[in-house]
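Since the structure comes first, as structure tokens, the remarks are kept for the end.
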Amino acid sequence: MKRLKRIRIVVAILFFLAITLIFIDINNVVPAGVCLFFGSTQIIPSFMRTLTVLSAASLGFFLVSILTILFGRIYCSTLCPLGILQDIVIRVAKRIDRRRRFKYKKQHYILHYLLFVVTTILAFSGSVILLNLFEPYSNYGRIVTNLLSPLVVAANNAISYLLGAFGYMLIHEIPILNINFITVFASFCILVLVTYLSYKHGRLFCNLLCPAGAYLGLLSRFSFYRIVIDGGNCKECGLCDRVCKAGCINSSSKEIDFAACIGCFNCIDSCPTNGISYQRRWKRNTSESSKADTGRREVLKSSVLPALGLLLPVIGDGKSEDKSKNGYIENRKYPISPPGSLNIERFSSLCTACHLCISNCPTQVLFPSFLEYGITGVFQPRMNYDIGYCNYDCSYCGNICPTGAILPLSYSSKKEVQIGQVQFVRDDCIVVKNEKDCGACSEHCPTKAVYMVPYGEFLMIPETNIDICVGCGACEYVCPAEPNKAIYVKSNKVHQKALKPKTKKAEPIFDSSQEFPF
Amino acid sequence: MDRRTFFRKGFGASIVVGAALAGRYDNLLSASFTADELPFDLVAVKGGEPDVMLAKGMKALGGIGKFVRKGQKVLVKPNIGWDVSPERAGNTNPKLVTAVIRQCLDAGASEVFVFDHTCDNWQRCYKNSGIESAVKDAGGKIAPAHTEGYYHEASIPWGKSLTKVKEHELLLGTDVFINVPILKSHGGTRLTIAMKNQMGNVWDRGTWHRTDLHQCIADYAGYRKPALNIVDAYYVMKQNGPRGVSVEDVVTMKSLLISTDMVTVDTAAAKLFGIEPADVRHIQLAADQKIGRMDLENLRIERITI
């Protein structure tokens, strides 16, 4: 029985390290399948995936649900990275103050379920704001991507520099381009909140704010195996209360509030008399509290719902197009969502903003948004053509997205997706303004949706063919015109189909049987 | 700024930077050749595989030993600008890159480095162009060039449009620079050959595009002259360059041009492509500024057919 805790710790460390690794894997060393596997062990992303595509990756939701019905909320202490992070904080806290102990507390079920109900209703009506704010995996992903990953890169660059000084070119510098300081700050705040809560109150986050915790708590009320206090062996010493991070053991009344139990098994480990154990459910009455709050929930729903309208999705409101007098749009009316997301509304209603795609994007074009998708889509990734462009032969983000907000696309089908349309502002073009050749946009265009035509006697100027434009942003990224770029991509709110570029076979110029023309 | 002043400045400003460069590339200053010793101003080869054409062409020029001495560090700069496969002809033929590196090593080069400041994602370009593995197979070293930290400022006081550049440190830390471009069509400059390939030596290309692209190319050509230019015209992208859309853009020409003079080799390559060299403005500008010679009729040309 005491082995349970040890097994739990081994599994937890494994998952924690693996999930951390996939978020700092800037060079894409970890195969996409591995990223997707660990992402899909996460219950809420996996649930989102069942709403989008039924695939192996959506099994995670069902498996974790079944696991919880069988064994209780062991998910919270093994697979959930934010849970493990809290456990680490708690362990450190214990090191700092050895006398630290927990005690039985009444759980905040009403608040927790109220939040859960609101979160769920909002999520089903297309606004994932509360889900994204409190979903544990995505929060952990954001913490690693926005806080840890830049530090890892900085360390990499320092080592690269030092090795270089001694004549070794073993590792190369990595540029850090896609950092949004707003999301860095937000992730920092969440980290502080989680650290504070766990330092002071154990796993309060999981039993007050976490939507996964609420859902699994509901299931664990019926779980097959559970922790029980054995009346005969228990000497009421209270050791188990003191180690319970969830504060759900009341040793004086010999009751355990199993819905709040996060399955760490510390209590079993702590008991000197085998008075507490993990066993199959006997005929026990489930606690009364669950009935009470379902009744109350109904009342709350009717009174709170109208107020929720405020949080419903309103994408990219308030910003009008063609604000800038020269044509180049500083603030696009809509953000550009990654290929495979189908349309902005769908994407924004499914993405839990874990930032896995952002930390893994080979060209770092995916960038954390703030309010571009509207208040309900905070932190979701968008394409940022100021820092890069989408590689024509890459569809990595879709292969790793655990929620299915970005669907997997083959290379060939990705090339037929138009996420935006090229817009050329002739008056701002170098060729017109300076009367000099440039052509950087056409150079970079993978489909020749931007092509060069004669301008005046000697010069060439770009022209566009939006039918074959995929909206990759290469033209916008490289356009050297200042202060306004002369070419940019206008977002497709609903992604369109890009026609395949048609090229005719090039006529031969010279073959080796001919004489040299000089 | 020559290499010596660069290092003096480097040490003055920051010992670490100096040490980094000196350690990494161990700068050796040694005597170089003069062009008069060479039997030809231009060697044009056709009809063979890249390595065979290179071998014949270099033999005609007196061997690579004329350019690379024992113990020297060599920089080979192909075009690796795009994330496309070799048959798309967006990047220098990897077989040619292998052959050039082997020749340098056979001539006693201590190390051969390869890099390009790519347009598409650098790791994908290095890999999918086939050049990364070609370099490793041949015994060379492929170096990163994707962050500004690898570049050092240099000034071109006589430049008409381009007066300042940030050049890759390997240009300053090696003894011999061999330019290995591919001949391609180009939307902005009509053609990209030897002079245009040197845009991959520098960090801030946006300035070039912004000011006067052709003039900047010519200015830089006057400042940085490779010891040798080997133009790959085996597969040639005839249209939709420089990135190309599909293999439909490519024609097979099985040719190779070698010269110490970028203007000469660009002139010949333009003719091979079927474009009047003077229509490619940077070639004309460079010739006007006496950076090299366009008058092929007055030059010693060796024509080899395999």
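The values are calculated or read from the model by the stated rules, or taken from the named source; none is laboratory data. All figures in this text were calculated on a predicted structure; none of them were measured in a lab. We place every Cβ from the backbone using ideal geometry, glycine too, and count neighbours over all the protein chains shown. For the accessible areas, the whole protein counts, side chains as well, though only heavy atoms, and no ligand, DNA or RNA atoms are used. Shrake-Rupley method; radii C 1.70, N 1.55, O 1.52, S 1.80 Å.
Points worth noting:
- The Cα center of the range A:466-518 and the Cα center of the range A:125-140 differ in position by 39 Å.
- Cα lying deepest toward the dipole's positive end in the protein assembly as shown, options B:Leu299, B:Asn201, B:Val265, charges on Cβ: B:Asn201
- Loop-located trypsin sites (Lys or Arg not before Pro) in the range A:1-106 (DSSP state other than H, G, I, E, B) with a sparse environment of at most 15 neighbouring Cβ atoms within 10 Å: A:Lys2, A:Arg98, A:Arg99, A:Arg100, A:Arg101, A:Lys103, A:Lys106.
- Relative contact order for chain A, counting Cα pairs under 8 Å that sit 6 or more residues apart, in percent: 16 percent
- Fully extending the segment from A:Val53 to A:Arg426, taken as 0.36 nm per residue of separation minus the present Cα-Cα distance, adds 130.0 nm.
- Taking Cα centre as origin and charging only the Cβ of basic (Lys, Arg, +1) and acidic (Asp, Glu, -1) residues, the dipole magnitude of the range A:329-486 rounds to 480 debye.
- Pairs with C-alpha atoms separated by more than 23 Å, drawn from the list A:Lys505/B:Lys184; A:Lys448/B:Lys271; A:Lys505/B:Lys127; B:Lys184/B:Lys254; A:Lys415/B:Lys95, are A:Lys448/B:Lys271; A:Lys505/B:Lys127; A:Lys415/B:Lys95.
- Longest segment of chain B lacking trypsin sites (Lys or Arg not before Pro) that sit in a DSSP loop with at most 12 other Cβ atoms within 10 Å: B:71-289
- Cβ-derived FRET efficiency at R0 56 Å, A:Tyr411 paired with B:Lys59, nearest 0.05: 0.85
- Using Cβ point charges alone (K and R +1, D and E -1), the dipole size of the range B:3-305 about the Cα centre works out to roughly 380 debye.
- Dipole magnitude of the protein assembly as shown about its Cα centre (Cβ charges: Lys, Arg +1; Asp, Glu -1), debye to nearest 20: 4300 debye
- B:Lys136-A:Lys500 FRET efficiency (beta carbon distance; Förster radius 35 Å; 0.05 resolution): 0.50
- Apportionment of accessible area to carbon and sulfur, the protein assembly as shown, percent (1.4 Å): 58 percent
- Spacing of the modelled spin labels on A:Glu507 and A:Tyr161, each 7 Å from Cα toward Cβ, amounts to 5.6 nm.
- For the protein assembly as shown, the convex hull drawn through the C-alpha positions has a volume of 170 cubic angstrom per residue.
- 0 to 90° range, to nearest 10: angle between helix A:3-24 axis and chain A longest Cα axis: 20 degrees
- Alpha-carbon centroids, the range B:152-188 and the range A:382-429: separation in whole Å: 32 Å
- Computed with a 1.4 Å probe on the full set of protein chains, the accessible area for A:Glu463 sits at about 80 Å².
- Computed with every protein chain present, the accessible area of A:Leu204 is close to 30 Å² [probe 1.4 Å].
- Accessible area expressed per residue, the range A:376-514, with surrounding protein chains retained (probe 1.4 Å, Å²): 40 Å²
- Dividing the summed helix terms, -39500 (n - 2.57) for each DSSP H run of n ≥ 4, by the number of residues in chain A produces a 222 nm estimate of -12500 deg cm²/dmol to the nearest 500.
- Considering all C-alpha pairs of the range A:129-255, those separated by over 22 Å amount to 59%.
- Placing unit charges on the Cβ atoms of the charged side chains and taking the dipole of the protein assembly as shown about its Cα centre, the candidate lying farthest along the positive direction among A:Met48, A:Asn360, A:Cys80 is A:Cys80.
- When chains B and A come together, the accessible area they lose, probed at 1.4 Å and totalled over both chains, is close to 4800 Å².
- Computed FRET value (nearest 0.05) for A:Leu151 with A:Phe71, which takes r as the C-beta separation and R₀ as 41 Å: 0.70
- The range B:102-170: relative contact order in percent, alpha carbon pairs under 8 Å with at least 6 residues between: 28 percent
- Positive minus negative residues near B:Tyr126 (Lys, Arg vs Asp, Glu; Cβ under 13 Å): 0
- For the pair A:Ile375 and A:Glu482, the difference between a 0.36 nm per residue extended length and the Cα-Cα distance amounts to 35.4 nm.
- Relative contact order of the range B:3-305: 22 percent, from C-alpha pairs under 8 Å at least 6 residues apart in sequence.
- In range of the label at A:Lys94: residues from the range A:165-201 whose backbone nitrogen is under 20 Å from the point 7 Å along Cα→Cβ: A:194-201
- In the range B:3-305, the alpha-carbon atoms span a convex hull of 118 Å³ per residue.
- Distance between the 7 Å Cα→Cβ label points at A:His108 and A:Leu193: 1.1 nm.
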